[in-house]
Amino acid sequence: MHEFTPVSGVVGGLMIGTAASLFILFEGRIAGISGILGGALSSLGKEGYWRIAFLLGLVLGPLLIAGAGFSRPEIVIDASVPVLIVAGLLVGFGTRLGNGCTSGHGVCGVARASPRSVAATITFFAVATVTVFATRHVLGG
Amino acid sequence: MVSILFSLLTGMLFGSGLYVSQMMNPAKVLGFLDFAGNWDPTLGLVMLGALVTAVPGFALARRRTEPILGGKFRIPDRSDIDLPLVTGAALFGLGWGLSGFCPGPALAALGTGVTNVYVFVTAMVAGMLSYRLLPSGRP
């Protein structure tokens, strides 16, 4: 399987946290990807330009550092297309209903010690862990 | 205009972090979630690294009355843990565990051109739009 990559993990994490810090300090906003995307889908007017810009940056950043010579991480998707579709629907609907995902709740919310975000983060990590256990070790995926 | 440019740059830094940490790779994420298998602790270190730089940022923000670029802070002030929050987080966790994708890495991986990333992102967008069919989901 995949080897443990502690250095690139910590460095990447520091970059993500720095982005979240800069966003709250300069713009006063939470760098929560599901919230930014969900908002962009419902308000495409002038108020939504910053959302489009952020999402564009999210896609462009990896392309630029790939161009700068950083080796691209493999993208290994084990799930079949039908499972990916169900998973995508669940992730999209669930993050809107629960007001956040790994970035908004897991990084920003936990960083500011929000009880709602801590509860959400524990919940999605727990359910994801049980799901992986069930698909890999019970159903034998 | 400054704020839009700043959003672009912040998004780039965020996406670059997902790239460097390899969280764009669903197999890497699933390796962390699979405690009973060949466990890969990387995602835990990514979260810790992110908290190391995010905690001081939010602490500094709390001392300010307004953001550096002006406007006002838009920080959720609710603290009640209600059913939609926990149900939503559970549904998200299920989808995350099935695929290894959460919203940030899925979007950041769009530039790789891998077809199944588009499949996932299209379904995710459809899921977000379907939420708006709920009475509570209307703007």
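The values are calculated or read from the model by the stated rules, or taken from the named source; none is laboratory data. Just so it is clear, the structure is predicted and the values come from calculations on it, not from any experiment. Cβ: placed from backbone, ideal geometry, glycine included. Neighbour counts: every protein chain shown. Remember, those area values only see protein heavy atoms, side chains included, never the ligands or the DNA or RNA. Shrake-Rupley method; radii C 1.70, N 1.55, O 1.52, S 1.80 Å.
Quick look at the numbers
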item: In order through the range B:113-119: 3J(HN,Hα) via Karplus (6.51 cos²θ - 1.76 cosθ + 1.60), integer Hz, x for Gly, Pro; result: x, 6, 3, 5, 5, 5, 4
item: Choice from B:G70, B:G15, B:G113 with maximal GNM fluctuation in chain B (Cα, 10 Å cutoff); result: B:G70
item: Three-way shape label, the protein assembly as shown, alpha-carbon gyration tensor, a/c 1.5; result: rounded
item: Dipole of the protein assembly as shown, positive direction: furthest Cα of B:G93, A:F23, B:A106, with charges on the beta-carbon; result: A:F23
item: Principal semi-axes in Å for chain A [√(5λ), Cα gyration tensor, largest first]; result: 26, 21, 18
item: Cα-centre dipole for chain B with unit charges at Cβ (Lys and Arg positive, Asp and Glu negative), debye to 20; result: 460
item: Where chymotrypsin sites (Phe, Trp or Tyr not before Pro) fall in DSSP loop in the range A:1-62, at most 15 other Cβ within 10 Å; result: A:F4
item: Shape category assigned to the range A:59-119 from the gyration tensor of Cα positions, a/c cut at 1.5; result: oblate
item: Protein accessible surface hidden between A and B, which excludes ligands and nucleic acids, total in Å², probe 1.4 Å; result: 9700
item: Cα gyration tensor shape for chain B, rounded if a/c is under 1.5, else prolate or oblate; result: rounded
item: Those residues of the range B:94-115 for which accessible area with every protein chain present is at least 50 Å² below the isolated value (1.4 Å probe); result: B:W96, B:L98, B:P103, B:L107
item: Furthest towards positive pole of dipole, B:L30, A:S114, A:F125, structure part the protein assembly as shown, Cβ charges; result: A:S114
